[in-house]
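Working notes, beginning with the structure itself.
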Amino acid sequence: MKRICNFIARWMGALVVVVAAVALLAPQSLNWISTYTINPMLGVIMFGMGLTLSPADFRIVLSRPKDILLGCLAQFTVMPLLAFLISWALQLPNELALGVILVGCCPGGTASNVITYLAKGDLALSVGMTACSTLLAPVLTPLLVWLMAGTMVNVDTIGMLTSIIYVVIAPIVAGLLCQRFMPRATRSVTPYLPALSSVVIAVVVGIIVSHNASRLLLGGAIVVAAVVLHNLLGLSVGYAIGRLLRLPHPKRVALSIEVGMQNSGLASSLAVLHFAAYPLATVPGAIFSVWHNISGALAAKFYSRA
């Protein structure tokens with residue numbers, strides 16, 4: 001069983017791509033599942049994250065405040081600004097621009113730690129940045145979305161803050177409590193969590209793609225271009241910042257991957273909950289979920305050889 005789970009986790013990117021392709025070409029395979037199931041699914045992933053975090057991960061934030069502060073500052077400035085500029089440059093419709101901005105304003109993705117490890121980057125910095133940006137997200141994500149997209153659509157910042165607490169923070173806290181009070185049970189399930197997260201992420205992407213398949217087939221090229229550009233520029237600018245500050249190569253790698261890889265599932269979830277009048281706003285998050293697994297694997301190979 002563990003061997004199968006390791007195989008699934010290792011090939012997560014391929015799994016996401018396959019599910020997305022099936023959902024696009026045969027929408028009926030997954031469009032019977034409501035988009036409102038995305039929130040509890042994302043909660044499952046965050047609960048798993050809470051089960052795997054340890055006090056040492058949070059001590060990293062206190063022991064390396066300068067590195068973590070730099071990383072979080074880059075996370076919540078580079079990607080939101082890039083999202084806004086790309087949306088403007090490509091003249092995206094408001095719905096799609098909103099989706100791209102939502103992705104840009106979210107915290108780092110949970111897969112970034114695995115990619116940083118494979119890329120031989122500073123794993124401790126990556127874990128610390130993910131934890132810190134996730135904890136800051138309830139305040140910074142709604143605020144940034146309001147700043148970047150407030151002129152296009154009505155942004156319910158308080159509602160978004162509450163949603164992030166329910167969908168992200170509460171499950172992580174529940175996972176930490178289970179780890180604290182049920183350590184034996186936690187250790188028994190931990191080896192299976194990467195595979196479970198991979199499957200849940202793939203299903204979430206499939207649900208979003210299946211519900212928007214016709215729109216994607218008609219005009220998906222511009223969205224894909226925006227998402228790919230957003231991610232690649234994020235990876236590049238993150239590394240460039242590290243180089244400009246003369247950080248060691250492992251820190252540059254961690255900064256690059258943490259900045260470039262977003263919690264795009266959260267972006268889609270927020271789009272479903274708070275921007276139901278703009279159904280296409282969920283699409284950039286779904287495409288980002290597919291693409292950043294591919295680009296992350298390629299970046300890991302490139303960085304590990306440097």
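For segment 9-62, residues that are surrounded by fewer than 19 Cβ atoms within 10 Å (Cβ to Cβ), part of a helix (DSSP H, G or I), hydrophobic (A, V, I, L, M, F, W, C) and at pLDDT below 80 total 5. Against the conditions (1) open to solvent by 50 Å² or more (accessible area, probe 1.4 Å); (2) assigned to a helix (DSSP H, G or I); (3) not aromatic (Phe, Trp, Tyr), residue 167 satisfies every one except (1). Scoring residue 129 on the criteria (1) surrounded by fewer than 24 Cβ atoms within 10 Å (Cβ to Cβ); (2) at pLDDT 85 or above; (3) among the hydrophobic types (A, V, I, L, M, F, W, C) leaves a single failure, condition (1). Residues in segment 180-192: is at least one within 20 Å of residue 110 (Cβ to Cβ), hydrophobic (A, V, I, L, M, F, W, C) and at pLDDT below 85? Looking through segment 180-192, at least one residue is within 20 Å of residue 110 (Cβ to Cβ), hydrophobic (A, V, I, L, M, F, W, C) and at pLDDT below 85.
Taking the conditions exactly as written (crowded, with 18+ Cβ neighbours inside 10 Å, more than 26 Å from residue 25 (Cα to Cα) and either in contact with a Lys or Arg (Cβ under 9 Å, 6 or more places away or on another chain) or not aliphatic (A, V, I, L, M) (or both)), does residue 241 satisfy them or not? If you could, list the steps in order and put the result at the bottom.
Values: crowded, with 18+ Cβ neighbours inside 10 Å: yes; more than 26 Å from residue 25 (Cα to Cα): yes; either in contact with a Lys or Arg (Cβ under 9 Å, 6 or more places away or on another chain) or not aliphatic (A, V, I, L, M) (or both): yes.
When the stated conditions are applied, residue 241 passes them.
Of all the numbered requirements in (1) within 17 Å of residue 223 (Cβ to Cβ); (2) touching a strand residue (DSSP E or B) at 6+ places or on another chain (Cβ under 7 Å), residue 129 misses one, and that requirement is (1).
Out of all the residues in segment 93-106, which are assigned to a loop (DSSP other than H, G, I, E, B) and crowded, with 21+ Cβ neighbours inside 10 Å? Don't jump to the end; show me each part of the working.
The initial filter retains those residues of segment 93-106 that are assigned to a loop (DSSP other than H, G, I, E, B), namely 93, 106.
Matches in segment 93-106: 106 only.
Note on segment 279-306: residues that are open to solvent by 40 Å² or more (accessible area, probe 1.4 Å) and either at positive phi or among the β-branched types (Val, Ile, Thr) (or both) total 1.
Right, residue 83: over 20 Å from residue 272 (Cβ atoms), in contact with a helix residue (DSSP H, G or I) (Cβ under 9 Å, 6 or more places away or on another chain) and touching a residue at least 12 places away in the same chain (Cβ under 8 Å) or not? So residue 83 fails the test. When residues in segment 273-306 are screened for being outside any helix (DSSP H, G or I) and within 23 Å of residue 239 (Cα to Cα), 1 of them pass. In segment 178-210, what residues are assigned to a helix (DSSP H, G or I) and free of Cβ contacts under 8 Å to residues at least 60 places away in the same chain? Those that are assigned to a helix (DSSP H, G or I) and free of Cβ contacts under 8 Å to residues at least 60 places away in the same chain: 180, 181, 183, 184, 185, 187, 188.
Of all the residues in segment 187-205, those that are of a type in the set (S, T, N, Q) and surrounded by fewer than 19 Cβ atoms within 10 Å (Cβ to Cβ) number 2. Note on segment 214-236: residues that are closer than 22 Å to residue 126 by Cβ, hydrophobic (A, V, I, L, M, F, W, C) and either open to solvent by 50 Å² or more (accessible area, probe 1.4 Å) or not in a helix (DSSP H, G or I) (or both) total 2.
Filtered by the rule that a residue be touching a Leu at 6+ places or on another chain (Cβ under 8 Å), under 13 Å from residue 107 (Cα atoms) and loosely packed, with under 15 Cβ neighbours inside 10 Å, segment 132-164 gives a lone residue, 139.
Of the residues making up segment 79-91, those that are out of contact with any strand residue (DSSP E or B) (no Cβ under 9 Å at 6 or more places or on another chain) and open to solvent by less than 20 Å² (accessible area, probe 1.4 Å) number 4. Residues that are open to solvent by 30 Å² or more (accessible area, probe 1.4 Å) and either outside any helix (DSSP H, G or I) or under 22 Å from residue 97 (Cβ atoms) (or both): does segment 249-258 have at least one? No - not one qualifying residue is present in segment 249-258.
The values are calculated or read from the model by the stated rules, or taken from the named source; none is laboratory data. On a predicted model such as this, the values are computed, not experimentally measured, just so you know. When we count neighbours, we look across all protein chains shown, and the Cβ atoms used for this are built from the backbone with ideal geometry, even at glycine. Areas reflect the complete protein model, heavy atoms only, side chains present, ligands, DNA and RNA absent. Shrake-Rupley method; radii C 1.70, N 1.55, O 1.52, S 1.80 Å.
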